[in-house]
Structure formats: structure tokens, C-alpha cells
Amino acid sequence: MEPTAPITTRIRGIARLWDGARVHRDVSLLIRGGRCLEIAGPDDTDGGGDDGGEYEDIDADGLIAMPGLIDCHTHSTFAGSRVADFVNRLGGTSYTSLLEGGGGIHTTVQSTRMSTTDELTLLTSSRLEQMLTHGVTTVEVKSGYGLDLKTERRMIEAARASSGPVEVLTTFLAHVLPRGRDRVEYMRELLDVNLPALAPLVSAADVYCDDGAFTLAETDAILSRAKALGLGLHVHAEQVAYTGAAALAAHYGALSADHLERIDAAGINAMAKAGTVAVLLPGAMLYLKDIAPPVAALRAAGVPLAVATDFNPGSSPITNLWSAATLACLTMGLSVEEALAGITRNAARALGRPDLGWLGRGSAADFALFAPPIGEPPSVEVLLQYLGGTQAEQVWKAGQRVL
């Protein structure tokens, strides 16, 4: 039997295409076998059919194309509600006070521990479906609402088992210390039991280094152990209080340091030298009424800037990555180009996935097509202008149309 000739799909009539670095006008996108062959002219077939394969034409009808968006910092697997926290913070109670009083993260830990793997999987899948509608094709999901081996494993398994086309990258998060546990004893358990047991199920480890969470010395020990286990590294750094965690993350060659509202010049310079990505989380900054990170200093030092939702039930209940990107422009001073790179190319870099977040010859065929808001021209800038208003017309993952 003769082998079936490969089929090249040509997405025609794209008005604007952001390839991860620049905008192309009036182009076609040629894809085959889960990869991008070419960004070509409106009717070009270069690179697609020279082996005798067939073409499938799909009309994009003046839409805007983006690489599949990447949400590189989320806490999407959890159970329970934190609406009481929201009301209390509106009344003036600080995030740290809630945490120290047994609320905040500890509230979610209690609910998550009571949930089954199936329940957590269904919740995670539903949240990822919401993200997909906005063109997100890859999501990082952290553990950290279990604080014991059994529940942390259940969270990670639920994230990995979530249904749907969105690619999930799992991260073990050392979030806070469990209430009532001896600090030294828990650190020993974390380093000698939990991390080694869960390392085969995740691609990275993260530590929340801050007031009410882990100290700098504890963070050092966790990062050292995670690196020895071959995991990529992230750090929740310099959010509520300055700790020196950003410089420590850079010392270990971490993929990213996240939040960074209170980073200092030494931390910025260390991140620049190490190539550690700054993941900006405007949702948490907004909900906690916090100051903005020093974006101008990060930019001047050449630190790559990514943007994520930090989706979680307490400090950033936002599932729309476009909203996070718009807020990064409005509240942190990012340019349109920085925000777009922040949810594509630099977000992929923050996850150690250089194959994602861009479109061009040899890239993954992950992309989304968007219509401009009614009455607006087809420009990439307009996708950021309307807060929370951008939903995808089509989403493709690995060369397959999934929405």
C-alpha cells in the first residue's frame, strides 16, 4: 500500500500575524505534522507542497494570528472558595495577617485536602477550558495547596490528568509551612521525602520566599535539593517583603523569579547576568493594592519580561491572560511589544520551552486566531486595548484545530 501523501494546511487571509517578535501583514501560515512550515504571502505555497503532498485551505477572513499563548504562572488546581478573604481585604485586613491567622492559603489547603483526585481534575479541566477560549495553549500549574505528600501528589496527578487540548506543565511549589508543624521537622520532610517523591511527576520546583512563608535560608536549601534532582527552578520573590530571593534564584540559574515588587538593584543585576526571566503578575498586584515592580530598571538591565495571570482563588482570581497583559501595560508600564512577548516568547522561556511562543519555520503549530472588537481595525495592539474582551475565533494545538 502506498503511503499517504502529507497534507499541508494553509491558513489564508491572515490580516496581521505576531510571530513572537514582530508583526506580519496580509500573510498565510503553512503548517504540517504539528509544525509550522512557513509564514508566506497570501497565496504562496513555498515550503509546503514540493513533496507532492496535498493542500487544505482554511480562510482566516482577516483575523489576527498569535502564537498559542502561554500562562507561565498559575495555581489552577485547588478546591474551595476564598471569597471571605476578598471581603476581609476590602475591609482593610492585610494578606499577611490573613495568612498568619490561619486564613488565606491555609483555607484553600483545608478544602483541597478534602477533595478527591477526580474532583480536582474536573475543577482544573474546567478552568483550562476557560483559558483555551482566550487562545492559551500551554499552562504551568503549581501544587502547594496540600502541604503534605499525599495531597501534593493528588494535586499534581489531577493537573496532569486534566482533559482537553491545553498542554500542562506541572511544578512542585513549596508554598507555606503547615499550621502546627515544627519548622525544622517539616523542612526535613520536604527535602528528604516530598521533593524526591514528587520530582518524577513535575518539570520544575518553586519556593514562596516571603513573610509568613519560607526564609531565605530555607529557600536556599529547597532550591539546592530541587536542582540536584534535575528540576527547573522558579521562586516567588520580593513580593510582600524584600528577602534577597531574586538574587538567590539567579545564583541557582533559575528559569524565573516571579512577582518582584520589591526587588533591589543587586537582584536585578543578578537576574540579568543569569538570564533569569522576570515573571510579572499584575493580577496579584491589583488585588493586593500593591506597588508595581521596577519595570524600567528590569528593562534597562536587559532582564526578559514575561506576564502571567497568577490565577489562584485568593490574591489573583483571574483566568484571562489577555486581562493580565493589558493590566501589565496599564499598571506596570509595559509596551505593547513587551506585553505580547510576555505572554508568548518570554513566557515560554520562563518555562524552559524554547519550542513554544513563536511562529516561523520549524516552530510548533500552536496558534490562535482573533477577530478585532467590533468597529476596530485588525491590529495586534487592539487585542490589548479592550480589557478582558479578547476571545479566540480558532485555536490550534500541534497542528490540530481544538477550538
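Quick notes
- Enumeration of residues in segment 92-105 that are surrounded by fewer than 20 Cβ atoms within 10 Å (Cβ to Cβ), part of a helix (DSSP H, G or I) and either of a type outside the set (V, I, T) or in contact with a strand residue (DSSP E or B) (Cβ under 8 Å, 6 or more places away or on another chain) (or both): S97, E100
- Between L351, L340, L359, the distinction of being aliphatic (A, V, I, L, M), modelled with pLDDT of 95 or more and over 13 Å from P304 (Cα atoms) belongs to L359 only.
- Every listed requirement among (1) at pLDDT below 95; (2) of a type in the set (A, V, I, L, M, F, W, C); (3) on the phi > 0 side of the Ramachandran plot is met by L260 save one, (1).
- Identity of the residue in segment 328-361, in contact with a Leu (Cβ under 7 Å, 6 or more places away or on another chain) and small (G, A, S), that ends up nearest to A284 (Cα to Cα): A328
- Residue in segment 141-153 that is touching a residue at least 40 places away in the same chain (Cβ under 8 Å), among the basic types (K, R) and farther than 22 Å from I318 by Cβ present: yes
- Hits in segment 270-308 - residues which are outside any helix (DSSP H, G or I) and either among the hydroxyl-bearing types (S, T, Y) or surrounded by fewer than 18 Cβ atoms within 10 Å (Cβ to Cβ) (or both): G275, T276, K289, I291, A292, G302
- Across segment 282-298, the qualifying residues are those that are touching a Leu at 6+ places or on another chain (Cβ under 9 Å) and not small (G, A, S), and the one among them that is farthest from P317 (Cα to Cα) is L298.
- G314 vs. criteria at positive phi, in the same structural domain as R127 (by TED's automatic domain parsing), in contact (Cβ under 8 Å) with a residue 40 or more places away in the chain and out of contact with any Leu (no Cβ under 7 Å at 6 or more places or on another chain): no
The values are calculated or read from the model by the stated rules, or taken from the named source; none is laboratory data. What you are looking at is a predicted structure, and each value in this text was computed from that prediction instead of being measured. When we count neighbours, we look across all protein chains shown, and the Cβ atoms used for this are built from the backbone with ideal geometry, even at glycine.
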